[in-house]
Amino acid sequence: MEIKHENNQFYFGDASNPDGYLSYTVDGNVYTIDSVVVDESLRGQGLGDVLLDHAADYARDNNLKLIGKCPFVAKRFNQHPDKYEDVISK
C-alpha cells in the first residue's frame, strides 16, 4: 500500500477522497496528530496503525516529535511506549 504525504496528511487512496488518513497540525518540529480515519469498509485491518507507523517513521527521519491528540493515537502511544518513545513529544 502506498502512503502519500501532502497538506498535513498521510493518506492512502485518492487525494480528494482518501480511503484512510492521518491528519496533523505543525508547531515548529512538533506534529500534533488530531485525527486518524479509515473508511468503514476497511476497518479492522490495522490500517490506522499503518498510517501511525508511517508518521512515526517520517518523524524519525526528519527529527520531529509527535503529540497524540487523537484518542486512537494517544491509546497506541500508551499501549506501545517502546515502539514510539523516541518520537513522542514530552
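Coordinate-derived values only; no laboratory data. Keep in mind that what you see is a predicted model, and the values were worked out from it rather than measured. No Cβ is skipped: glycine too gets one built from the backbone with ideal geometry, and neighbour counts run over all protein chains shown.
Structure summary
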{"read-out": "Helical contribution to [θ] at 222 nm, DSSP H n ≥ 4, -39,500 (n - 2.57), averaged over the chain, rounded to 500", "value": "-9000 deg cm²/dmol"}
{"read-out": "Amide hydrogen neighbours beyond the local backbone of ASP19, cut-off 5 Å, H modeled", "value": "PHE12, GLY13, ASP14"}
{"read-out": "Amide proton proximity set for LYS69, modelled H, under 5 Å, gap of 5+", "value": "ILE33"}
{"read-out": "The stretch 5-14 - phi-based ³J(HN,Hα) in whole Hz, Karplus 6.51/-1.76/1.60, Gly and Pro as x", "value": "9, 6, 6, 6, 9, 9, 8, 10, x, 6"}
{"read-out": "Efficiency of FRET between ASP39 and LYS90 - r from beta-carbon atoms, R0 41 angstrom, step 0.05", "value": "0.80"}
{"read-out": "Cα-projected label distance for ASN63 with HIS5, points at 7 Å along beta-carbon direction, nm", "value": "1.6 nm"}
{"read-out": "Where a label projected 7 Å from the Cα of ASP27 along Cα→Cβ would reach, residues of the stretch 39-82 with amide N under 18 Å", "value": "64-71, 73-74"}
{"read-out": "Rel. contact order, % - alpha carbon contacts under 8 angstrom, at least six apart, the chain", "value": "23 percent"}
{"read-out": "Integer Hz, Karplus 6.51/-1.76/1.60 couplings in order for the stretch 61-72, x for Gly and Pro", "value": "5, 10, 6, 10, 10, 10, 10, x, 6, 5, x, 4"}
